[in-house]
1. Out of 290, 316, 265, 258, report the one residue that is open to solvent by less than 50 Å² (accessible area, probe 1.4 Å), closer than 30 Å to residue 160 by Cα and of a type in the set (A, V, I, L, M).
2. Test residue 52 against the criterion of being buried (at least 23 other Cβ atoms within 10 Å of the Cβ) and in a helix (DSSP H, G or I), and give yes or no.
3. Just to be sure I understand the filter: pairs with C-beta atoms under 8 Å, separated by 6 or more residues or on different chains, first member in the stretch 93-106 and outside the structural domain of residue 49 (by the TED database), second member among the hydroxyl-bearing types (Ser, Thr, Tyr). Which pairs pass?
4. Report every pair of residues separated by at least 6 positions or lying on different chains whose Cβ atoms are under 6 Å apart, first residue within the stretch 10-38 and closer than 21 Å to residue 245 by Cβ, second surrounded by 21 or more Cβ atoms within 10 Å (Cβ to Cβ) and of a type in the set (Lys, Arg).
5. When you look at residue 240, is it in the same structural domain as residue 321 (by the TED database) and either at pLDDT below 90 or charged (D, E, K, R) (or both), yes or no?
6. Does residue 88 satisfy being outside the structural domain of residue 326 (by the TED database) and without any contact (Cβ under 8 Å) to a residue 24 or more places away in the chain?
7. When the stretch 387-411 is examined, which residues are found to be modelled with pLDDT of 90 or more, touching a Phe, Trp or Tyr at 6+ places or on another chain (Cβ under 8 Å) and not hydroxyl-bearing (Ser, Thr, Tyr)?
8. Taking residue 373 and the conditions (1) at pLDDT below 85; (2) open to solvent by 10 Å² or more (accessible area, probe 1.4 Å), which numbered condition does it fall short on, given that it satisfies the others?
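The values are calculated or read from the model by the stated rules, or taken from the named source; none is laboratory data. This one's a predicted model, so the numbers in the text were calculated from it and none came from an experiment. Here Cβ is always computed from backbone atoms with ideal geometry, including for glycine, and neighbour counts include all displayed protein chains. To get the accessible areas, we keep the full protein, side chains included, count just its heavy atoms, and leave off ligands, DNA and RNA. Shrake-Rupley method; radii C 1.70, N 1.55, O 1.52, S 1.80 Å.
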Amino acid sequence: MKDQGKSLIFTSLGHFANDGNFLLFPTLIAYYKVIPHVSIAFLGVMAIIYNLLSGLLGPSIGKLADRIDRDGALIFLGILLEAISAIFFGLAFVFTAYVNYIILVAAVILGIGQAFYHPIGASILAFTYGKKDSSTAMGINGSFGSLGRALIPSVLVYAIVFFGKFYGLVAVAAYTTIAAVIILGGLSFFKRSKYIKIDTKKHAKNTEESKASESEYKKYGKFLYILTAIVFIRSFFLMGTVTFTPDYFDNIFHSKVIMGDLLTISFLGAVVGQPYFGRVVKDHGGKFTIAVTTIASTVFFGLMLLTDNVYLVTVIYLLYATFAFTSFPVLLGYVAQTIPQKFSTRSNALVWSFGNIVGGAIGIAIVTILLYVHVALYTSLVVMLIFSVISIIMLPLLPSKKKQEELASGI
């Protein structure tokens, strides 16, 4: 099997396992909130902690990956940590006298684990597929992440129904561990130094240019900081809402099974959306695609809040998820088109880990504070729409497709 095929298969499995845990804690909020001495505000703080850890550690892990050239092992470590966190989340139901402490430990481990995959997985695909085709590959890869996101809420709910709360989470941990081991073996072929050498030979450049100089990196700073700022504000809305939407569904439909099924059906939309919008990035550029997905997701989320009909909510939230959860191919495909490969992981980490994840943690904090001062969850979700509108207003700051191409060519 060619390197491209192997990189796509095993990074896709990594994305499936990693993003499968994306809705793990938000789904568990509906279960934890009924345990004595566990408040919704505390659970919000836990969500802030694991998102902040993921976002703040991402750039350092990106630099480490650039330096040690052990991408497969780093992805393995991150996903294994997520499996360990699932065990701790399960233990919270067993040792309820220490529930808050156990959830805190679980959240910290999950946050560390989730810092690994996205910047590294995107870099592997950028190296093996190159600038032209990497966004398409990321779209296919991202669809598996969306599939994991879609399946876990229902898998977790039904595992709890059949096996109980603790053993249901043990089952999640077991499959996550197996996936981590398979990924470690599957990505053992990948060494980024091999691709850097191929690139320098192709362009008849001295191999010393593979060493990323800070002065050269600064040339791309304006683009990266503008993109990160827009993603940062947009993530207030995306993560602030998605963390508490499962609880919102549980409140209006009074059924955890309906909540899990609704989330699974809705997030299947992103399974199709990720490869489609990855292709749109290739054909029409990142700025256009970010604009379409941001505007559409804002509109559909607003429409969802206007009805409590389970069928309408399912359809509208499916459309919302189709546009909203396409960040992996859209954002990192855009970065791959614009930024040289040797800067790929640190650039991915800035946009993804700081912009997407740290921004998301602040969004969760805003909703948590609103709930703490007794603002209704529904009203809090409405408030978060404001931040998505602000990110839409900021979109013209991104370079045009022509200027982006000039930047990519080093002009």
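1. 316
2. no
3. Matching pairs, first to second residue: none at all.
4. From the stretch 10-38, the pairs are 19/149; 22/149; 23/149.
5. no
6. Criteria met by residue 88.
7. If the condition is that a residue be modelled with pLDDT of 90 or more, touching a Phe, Trp or Tyr at 6+ places or on another chain (Cβ under 8 Å) and not hydroxyl-bearing (Ser, Thr, Tyr), then 387 is the only one that fits.
8. Every listed condition holds for residue 373 apart from (1).
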